[in-house]
Amino acid sequence: MGKKSVERKRIIGNRMKRSRRIPVLAILRTHRRIEYNTFKRDWRHRKLKLKV
């Protein structure tokens, strides 16, 4: 595989940040209205589909 472009790295970084778990404090503050991250991705089963 070749080297990643800066644009691709930026996209991958953004997706990784998106897929982080939600802090417990955020769950408590919103009275469990926000309980889990809808952007969560299992890296084993669902691959990133990037158009770069």
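Sub-7 Å Cβ pairs linking a first residue in the range 9-22 that is without any contact (Cβ under 8 Å) to a residue 60 or more places away in the chain to a second residue that is open to solvent by 100 Å² or more (accessible area, probe 1.4 Å) and of a type in the set (Phe, Trp, Tyr), at least 6 apart or interchain, are Arg18/Phe39; Ser19/Phe39; Ile22/Tyr36, ordered by first then second residue.
Filtering the range 41-52 to residues that are open to solvent by 100 Å² or more (accessible area, probe 1.4 Å) and basic (Lys, Arg) leaves Arg44, Arg46, Lys47, Lys49, Lys51. Within the range 5-34, the set of residues being in a loop (DSSP other than H, G, I, E, B) and open to solvent by 100 Å² or more (accessible area, probe 1.4 Å) comprises Arg20, Arg21, His31, Arg32, Arg33. Cβ separations smaller than 8 Å between residues 6+ apart or across chains give the following pairs from the range 26-44 residues that are under 17 Å from Gly13 (Cα atoms) to residues that are aliphatic (A, V, I, L, M): Asn37/Ile22; Arg41/Leu48.
The values are calculated or read from the model by the stated rules, or taken from the named source; none is laboratory data. Only a predicted model underlies this, so the values are computations on that prediction, with no experimental measurement involved. Counting neighbours? That spans all protein chains shown, and the Cβs are built from the backbone with ideal geometry, glycine included. Calculation scope for accessible area: heavy atoms of the full protein, side chains included, ligands and nucleic acids excluded. Shrake-Rupley method; radii C 1.70, N 1.55, O 1.52, S 1.80 Å.
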